[in-house]
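Undergrad: Below you will find the structure I want to go over with you.
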Amino acid sequence: MTAISRCFENLRRNQECALIPFITAGDPDLETTAKALQVLDNSGADIIELGVPYSDPLADGPVIQAAATRALARGTTLEQVLEMLKGISPSLRSPIILFTYYNPILYRGVDKFLGQIKDAGVSGLVVPDLPLEESAGLIKPAAEMGIDLTLLVAPTSSPERIEAIARASQGFIYLVSVTGVTGMRTQMQGRVSDLLQQIRHVTDKPIGVGFGISDVEQARQVKAWGADAAIVGSAIVKRLAEGTPEQGLEAIAQFCQSLKTAIKNPS
């Protein structure tokens, strides 16, 4: 059993919903990223998603795009991100999921890339521009290394495609709550509830909802709809970027704690 699967199994046993915060590596700098990982780990995160800055982030909204641009402007590279992770991951309770586009994987080669991230302590992968039809070449070698490749279900996915994604996805299923890119939304789309039930009919794998959760009430809502995890990205990235690094770290600690309280306790 992988680290991510163990995490979800423990939470299910206690009827808890997982909190998965997202941050962009290198924004404002890698030293702060390492501190942010520790802060989130200590503030209620169950799993942490770490975004690798990329020059053409098709799935990312303006907040995360801006964070990636700032990180790239500072010269942040995947090798630097993994070196930072290698130093901090042994002290983290939360498994780390790396969010990266496919080009860096293709450039290095699948086996080399997987070896590098495994060595850095990564437990899972999300590759938003990797379609289901091309995922087998990454899922199998990743699984052999104990790394879960989690696939995304879009609101526009057909029932047949949802079932196929649910079969292939490892660790959990990532349900995108909105059509479009990541970002904070003022309302969660009601279709999420229907999609959660649709996925439940074809799999017992955990389901995480992301792309759009911006506050405590929305996190509580996705839990009430039956999600196994609330994935919060832009709202965390925005708080970390405001003020000094120390102020940003304090802001994400408080926000993370409030989110976890909301989805841990009965509504």
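The values are calculated or read from the model by the stated rules, or taken from the named source; none is laboratory data. Keep in mind that this is a model prediction, so the values were computed, not measured. Here the Cβ positions follow ideal geometry from the backbone for every residue, glycine too, while neighbour counts run over all protein chains shown. In case anyone asks, the SASA skips ligands and DNA or RNA and just uses the protein heavy atoms, side chains included. Shrake-Rupley method; radii C 1.70, N 1.55, O 1.52, S 1.80 Å.
Undergrad: How much length is gained on full extension from E134 to T203, taking 0.36 nm per residue of separation minus their Cα-Cα distance?
TA: Numbers: separation 69, 0.36 × 69 = 24.84 nm, distance 2.12 nm.
Here the segment from E134 to T203 would lengthen by 22.7 nm.
Undergrad: Now, a different point. I'd like the accessible area for M145: 1.4 Å probe, protein heavy atoms, all chains in place, Å² to the nearest 10.
TA: Its heavy atoms expose roughly 60 Å² to the probe.
Undergrad: Which lysines, if any, have their Cα less than 21 Å from the Cα of K86, not counting same-chain residues under 8 positions apart?
TA: The qualifying lysines are K35, K112, K118.
Undergrad: Next up: How far apart, in nm, are the 7 Å Cα→Cβ label points at R191 and R13?
TA: 3.8 nm
Undergrad: What Rg and what Dmax come out for segment 85-224 when only alpha-carbon atoms are used, in angstroms?
TA: Cα radius of gyration and Dmax of segment 85-224 are 15.7, 43 Å respectively.
Undergrad: Continuing with the same structure: Rounded if a/c is under 1.5, else prolate if a/b beats b/c, else oblate: with a ≥ b ≥ c from the C-alpha gyration tensor eigenvalues square-rooted, which is segment 69-149? Display every interim value, and only then the final one.
TA: Working: a/c = 1.84, a/b = 1.20, b/c = 1.53.
Oblate.
Undergrad: Counting only protein heavy atoms and using a 1.4 Å probe, what share of the accessible area of segment 118-160 belongs to carbon plus sulfur, as a whole percent?
TA: Numbers: 990 of 1810 Å².
Reported share for carbon and sulfur atoms: 55 percent.
Undergrad: Provide the gained length on full extension for the span D119 to N103, in nm with one decimal, where the gain is 0.36 nm per separating residue minus the Cα-Cα distance.
TA: Numbers: separation 16, 0.36 × 16 = 5.76 nm, distance 2.00 nm.
Here the segment from D119 to N103 would lengthen by 3.8 nm.
Undergrad: Can you give the FRET efficiency to the nearest 0.05 for R161 and D29, using r as the Cβ-Cβ distance and R₀ = 45 Å?
TA: Values: r = 40 Å, r/R0 = 0.89.
Computed FRET efficiency for R161 and D29 comes out at 0.65.
Undergrad: Provide, for q = 0.23, 0.25, 0.26, 0.28 Å⁻¹, the log10 of I(q)/I(0) from a solvent-free Debye sum over equal Cα point scatterers in segment 188-257.
TA: -0.94, -1.04, -1.09, -1.20
Undergrad: Something else about it: Stokes-Einstein D for the chain at 10 °C, 1.306 mPa s, Kirkwood Rh over Cα pairs, in µm²/s?
TA: Details: Rh = 18.1 Å.
Result for D is 88 µm²/s.
Undergrad: Based on alpha-carbon centroids, what's the gap between segment 195-239 and segment 54-118 in Å, whole number please?
TA: 23 Å
Undergrad: Within the P(r) computed for segment 1-65, what percentage of the Cα pairs occupies the region above 20 Å?
TA: Details: 840 of 2080 pairs.
Value for segment 1-65: 40 percent of Cα pairs lie more than 20 Å apart.
Undergrad: I would also like to ask the following. Would you compute, from DSSP H runs of 4+ residues alone, the mean residue ellipticity of the chain at 222 nm, taking -39500 (n - 2.57) per run and dividing by the full residue count, rounded to the nearest 500?
TA: Details: 12 runs with 130 residues, N = 267.
Helices in the chain give a 222 nm mean residue ellipticity of -14500 deg cm²/dmol.
Undergrad: Excluding ligands, DNA and RNA, what is the solvent-accessible area per residue of the chain at a probe of 1.4 Å, expressed in Å²?
TA: On a per-residue basis, the chain sits at 42 Å².
Undergrad: Using C-alpha positions alone, give me the convex hull volume of segment 28-124 per residue in cubic angstrom.
TA: That works out to 98 Å³ per residue.
Undergrad: Separate question: Please identify the DSSP H helices in the chain that span no less than 27 Å along the helix axis (Cα) and have a mean Kyte-Doolittle hydropathy of -0.5 or more. Can you show the working numbers first?
TA: On the way: long enough: 245-264 (28 Å, -0.08).
Result, helices passing both filters: 245-264.
Undergrad: Run the quick spin-label model on N42 and R74: label points 7 Å from Cα toward the beta carbon, then report their separation in nm to one decimal.
TA: It is 2.0 nm.
Undergrad: Modelling each spin label as a point 7 Å along the Cα-to-Cβ direction, I'd like the E217/M1 distance in nm, to one decimal.
TA: Roughly 3.7 nm, to one decimal.
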